[in-house]
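Written below as structure tokens is the structure these notes are about.
The values are calculated or read from the model by the stated rules, or taken from the named source; none is laboratory data. As the structure is a computational prediction, the values presented were derived from the model and not from experiment. Reconstructed Cβ throughout: ideal geometry from the backbone, glycine too, with neighbour counts over all protein chains shown.
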Amino acid sequence: MPATVWKGYLSFGLVSFPVGLASAARPESVHFHMLHKKDNSRLKEVWYCAEEDKPVSRKEIVKGYEYNKGHYVVIEDAELKKVAPPTASVMEILQFVKSEEVDPIFFEKSWYIVPEAQGAKPYALLREAMNETDYRAIAKLTMHGRENIVIIRPSGDGLVLHTMFFVNELHKSNKGERTAGKKFPKKEIDLAKQLIKALAGPFKPEQYKDEYRENVEKLIEQKRKGKKITAIDQPKARPVVDIMEALQKSLANKPNRKKSKHAA
């Protein structure tokens, strides 16, 4: 079984079976250390007590919640375990929904649900039933110090879980100005649809790379070898004044791709 971040039971009605969660994806970036500018020596993080004006060790640190300015209530890890909800050990499926009912804006992180040996059969049964009905499962799960609402979906020969944001965690005020109700000339709509079709094709995630990370790695190698740094030209974007002209030029400059079953 791969390294797991949570172990417990997945409950489906009166059927429950042991599973674990393993990370399905995580962002990769170039990691920098903080150095002392004077001599390039490595800096270390130090926890400091402002009251006693001295550093403290990790064993001297406790969790505290500030309920009034400068007043704290200390909470021990053992006390947090005592108030953990049932979802800390049992992930119970609460309902099933169609995938199109859930806006992807709710999705946070992705995890593989990995069954233990004795749970292989009910795991496979649930996956197959969800595949044939095209339903997704909504459940609750507690891990990493918080209770999450999650959505479970079949993927290949397994199940994938996505933790989701709660409604109050969505920043609706950041939506900005809406454009609903605007009318466009048929010619503009037709040209926009033509451009979409010209750019349509099957999704091949392996073709997309993190160019910034590659550029940073190249920068590090050039500096290490004492070479001149290669600067990257940045595009000069300007607001579009004539939409029709911009769409026409886009179509003229973009060769049509071979149509596939994924293209409209």
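Points worth noting:
- Only one of the numbered conditions (1) free of Cβ contacts under 8 Å to residues at least 24 places away in the same chain; (2) not in a helix (DSSP H, G or I); (3) not acidic (Asp, Glu) is not met by Lys109, and that is (1).
- Residue within the stretch 192-202 that is part of a loop (DSSP other than H, G, I, E, B), in the same structural domain as Ile243 (by TED's automatic domain parsing) and either surrounded by fewer than 11 Cβ atoms within 10 Å (Cβ to Cβ) or in contact with a His (Cβ under 6 Å, 6 or more places away or on another chain) (or both) present: yes
- Listed by position, the strands (runs of 3 or more DSSP E) enclosed by the stretch 1-94 that each have at least 2 residues that are small (Gly, Ala, Ser) are 6-12, 15-23.
- The stretch 1-24 - residue that is loosely packed, with under 10 Cβ neighbours inside 10 Å and aliphatic (A, V, I, L, M) and, of those, modelled with the highest pLDDT: Leu14
- Test: residue in the stretch 151-159 that is touching a helix residue (DSSP H, G or I) at 6+ places or on another chain (Cβ under 6 Å) and either at pLDDT 90 or above or in a helix (DSSP H, G or I) (or both): yes
- Residue that is farthest from Lys172 (Cα to Cα), among those in the stretch 97-131 that are surrounded by fewer than 17 Cβ atoms within 10 Å (Cβ to Cβ) and among the β-branched types (Val, Ile, Thr): Val97
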